[in-house]
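The values are calculated or read from the model by the stated rules, or taken from the named source; none is laboratory data. Every value quoted in this text rests on a predicted model; they were computed, and no experiment measured them. Counting neighbours? That spans all protein chains shown, and the Cβs are built from the backbone with ideal geometry, glycine included.
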Amino acid sequence: MANYYPPVSFHFMVEVLGLSANRHDVRFTEVSGLAVDLETEEVVEGGENRFVQKYPVRAKYPELVLKRGLLADSAIIAWVRSCIEDFRIEPKNIVVMLLNEEHQPLVTWHLVNAYPTKWSVSDLNASSNTVTIESMQFFYQYFTVQYP
C-alpha cells in the first residue's frame, strides 16, 4: 500500500472565467467560503411533544472571500468595480483549483454565477510593516466539485 499524504492547502489558483486576466490575477493568499449547509425546516407534530420533525429544504452556500496583496493592474478588480460602482452586474463562473506538486489540479471547485458584493483593503498603518491586502467577497448560486 502506498503512503498517503493529505494535500497542502497553500498551493492553489483562482480563475474568473471570461476575463483576460494577467498571470498575477490568479494568485491569492486566502480563499474561504467553500462550504455548503443543508437548511432544514422544523415542523411540530400535533399530539407528539417528545420531538420535532425536521425536513430538508435547500442547500445554502456562504459567500466566497478572496484575499491577496493589493494588485494595481487587475482584470478582476475592473470587473468588481464595474459591478459595484456602475451597478453593471455580470455574473461569471469562478474556478478554485487546489494544486498538486506538479502544479496540476487535484481538486477543482466550479462556482456558478458569481458576482462581487464587497471589496475592501486592509488598514493602512505607518507603525507596521505588513503588505496591503485587498479582500473581495462574491455571492454565487452553487458549486460543483471535480476530482481528477
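Observations
- If you check Arg50, Arg58, Arg88 for being without any contact (Cβ under 8 Å) to a residue 40 or more places away in the chain, touching a Ser or Thr at 6+ places or on another chain (Cβ under 7 Å) and surrounded by fewer than 16 Cβ atoms within 10 Å (Cβ to Cβ), only one passes: Arg88.
- For the range 133-148, a residue qualifies if it is more than 10 Å from the chain's Cα centre (by Cα) and not aliphatic (A, V, I, L, M), and the qualifying residues are Glu134, Ser135, Gln141, Tyr142, Thr144, Gln146, Tyr147, Pro148.
- Given (1) farther than 30 Å from Ser135 by Cα; (2) assigned to a loop (DSSP other than H, G, I, E, B); (3) touching a strand residue (DSSP E or B) at 6+ places or on another chain (Cβ under 8 Å), index of the condition Leu34 fails: (1)
- Given (1) among the polar types (S, T, N, Q); (2) surrounded by 10 or more Cβ atoms within 10 Å (Cβ to Cβ); (3) in a strand (DSSP E or B), number of the condition Thr144 does not satisfy: (2)
Yes/no per residue for (1) of a type outside the set (Gly, Ala, Ser); (2) assigned to a helix (DSSP H, G or I); (3) in contact with a helix residue (DSSP H, G or I) (Cβ under 6 Å, 6 or more places away or on another chain); (4) modelled with pLDDT under 95:
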position: Glu39; (1), (2), (3), (4): yes, no, no, no
position: Leu66; (1), (2), (3), (4): yes, no, no, no
position: Leu71; (1), (2), (3), (4): yes, no, no, yes
position: Ile77; (1), (2), (3), (4): yes, yes, no, yes
position: Asn93; (1), (2), (3), (4): yes, no, no, no
position: Met97; (1), (2), (3), (4): yes, no, no, no
position: His110; (1), (2), (3), (4): yes, no, no, no
position: Asp123; (1), (2), (3), (4): yes, no, no, yes
position: Ser128; (1), (2), (3), (4): no, no, no, yes
